[in-house]
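Taking it in order: structure first as structure tokens, then the write-up.
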């Protein structure tokens with residue numbers, strides 16, 4: 001199935017998230033969700049943590065969902081999906097169903113990195129056969145663009161604003177992908193909506209890994225990041241080109257760079273400077289002022305450190321070191 005074109009995949013897999021939802025123009029969340037849901041031909045049950053995605057696809061009395069879907073609170077999305085999976089296993093043991101069902105929870109970074117971390121960690125540790133997908137738009141967009149622990153250093157939000165004495169958020173973002181790898185689960189990956197084939201293939205692996213899995217997908221937000229709604233896909237691509245968001249997967253502890261990031265690591269594609277990333281979005285425009293040049297340099301150094309560490313982990317897994 002992974003070798004099919006996007007048009008063929010659309011014809012092969014039933015539509016599970018209909019158009020007509022009320023997400024903002026240019027929002028990447030529905031793009032990511034549709035790509036993830038292309039990752040399995042089997043029946044799917046969906047859990048959604050509170051956030052932009054849940055609110056915009058289930059405005060009563062309407063719904064965009066063509067599969068069973070349950071809305072959970074901000075903090076218990078993983079627990080909701082784990083409960084569905086546990087009930088399903090019980091029904092199977094009792095002979096009350098013979099269906100083969102996959103389970104997935106969609107959540108924003110607030111419901112993943114912060115409020116929902118305890119439930120997520122518990123579900124992963126207990127080994128539930130479920131996929132957890134984070135729409136990482138790097139702030140609490142649904143409640144007013146407040147900073148989260150996924151927000152990048154230097155970003156201006158409504159709770160970490162820039163001004164004469166402040167350059168925006170002071171802290172580097174939490175490495176949530178590494179936190180999930182530390183749970184020793186079968187499959188963890190970073191993905192981006194512009195790389196649709198890569199994302200669908202990662203979803204396939206996640207659904208079929210036989211245990212808990214986690215996909216952290218960067219989700220460009222025109223409203224919160226302040227860019228034109230037509231630029232979502234190009235912004236997604238730029239995140240990978242600057243190594244702000246490398247694409248990779250960790251299968252049973254083994255790191256593998258995805259082709260787009262591997263080309264950068266091999267020197268076959270340009271690694272663009274972080275200033276290109278800052279120049280593309282209004283939330284960073286203040287960093288282009290010369291007085292914050294030391295902050296920009298600090299961010300570039302940290303990005304390079306994380307990128308070089310990832311390359312080493314990938315090389316170690318491939319045996320090239």
Practice problem: Would you point out which residue out of 160, 149, 166 is at pLDDT 95 or above, in contact with a helix residue (DSSP H, G or I) (Cβ under 8 Å, 6 or more places away or on another chain) and surrounded by fewer than 24 Cβ atoms within 10 Å (Cβ to Cβ)? | Solution: 149
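Mind listing whichever residues of the range 305-321 are free of Cβ contacts under 8 Å to residues at least 60 places away in the same chain, assigned to a helix (DSSP H, G or I) and out of contact with any helix residue (DSSP H, G or I) (no Cβ under 7 Å at 6 or more places or on another chain)? Give the derivation first.
Initial filter on the range 305-321 (free of Cβ contacts under 8 Å to residues at least 60 places away in the same chain): 305, 308-309, 311-313, 315, 319-321.
Still in the list and also assigned to a helix (DSSP H, G or I): 305, 308-309, 311-313, 315.
Result: 305, 308, 309, 312, 313, 315.
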Quiz item: So which helices (runs of 4 or more DSSP H) stay within the range 1-110 end to end and still have 3 or more residues that are touching a strand residue (DSSP E or B) at 6+ places or on another chain (Cβ under 9 Å)?
Solution: 29-37, 52-57, 77-93
Exercise. Please verify whether the range 90-107 includes one or more residues that are farther than 20 Å from residue 209 by Cα and under 19 Å from the mean Cα position of the chain (by Cα).
Key: yes
Quiz item: residue 30: surrounded by fewer than 24 Cβ atoms within 10 Å (Cβ to Cβ), over 19 Å from the mean Cα position of the chain (by Cα) and touching a residue at least 12 places away in the same chain (Cβ under 8 Å), yes or no?
Solution: no
Quiz item: Looking at the range 208-226, is at least one residue within 29 Å of residue 23 (Cα to Cα) and free of Cβ contacts under 8 Å to residues at least 60 places away in the same chain?
Solution: yes
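Which of the residues that make up the range 258-293 are touching a strand residue (DSSP E or B) at 6+ places or on another chain (Cβ under 8 Å) and either outside any helix (DSSP H, G or I) or within 30 Å of residue 157 (Cα to Cα) (or both)? So that I can check it myself, show each step before the final result.
Of the range 258-293, the ones touching a strand residue (DSSP E or B) at 6+ places or on another chain (Cβ under 8 Å) are 258, 261, 265, 283, 286-287, 292.
Answer for the range 258-293, where residues must be touching a strand residue (DSSP E or B) at 6+ places or on another chain (Cβ under 8 Å) and either outside any helix (DSSP H, G or I) or within 30 Å of residue 157 (Cα to Cα) (or both): 258, 261, 283, 286, 287, 292.
Can we say residue 253 is out of contact with any strand residue (DSSP E or B) (no Cβ under 8 Å at 6 or more places or on another chain), free of Cβ contacts under 8 Å to residues at least 40 places away in the same chain, on the phi > 0 side of the Ramachandran plot and loosely packed, with under 14 Cβ neighbours inside 10 Å? Talk me through it step by step, then tell me what you get.
Values: out of contact with any strand residue (DSSP E or B) (no Cβ under 8 Å at 6 or more places or on another chain): yes; free of Cβ contacts under 8 Å to residues at least 40 places away in the same chain: no; on the phi > 0 side of the Ramachandran plot: yes; loosely packed, with under 14 Cβ neighbours inside 10 Å: yes.
No, not satisfied.
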Exercise. Please determine, by comparing only the residues of the range 124-146 that are in a loop (DSSP other than H, G, I, E, B) and touching a residue at least 24 places away in the same chain (Cβ under 8 Å), which one is surrounded by the fewest Cβ atoms within 10 Å (Cβ to Cβ).
Key: 127
Exercise. Select, from 191, 195, the only residue that is crowded, with 18+ Cβ neighbours inside 10 Å, farther than 18 Å from residue 281 by Cα, at pLDDT 95 or above and in contact with a strand residue (DSSP E or B) (Cβ under 6 Å, 6 or more places away or on another chain).
Key: 191
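The values are calculated or read from the model by the stated rules, or taken from the named source; none is laboratory data. Small disclaimer: the values here were computed from a predicted structure and weren't measured. Because the Cβ atoms are built from the backbone with ideal geometry, glycine has one as well, and the counts that use them run over all protein chains shown.
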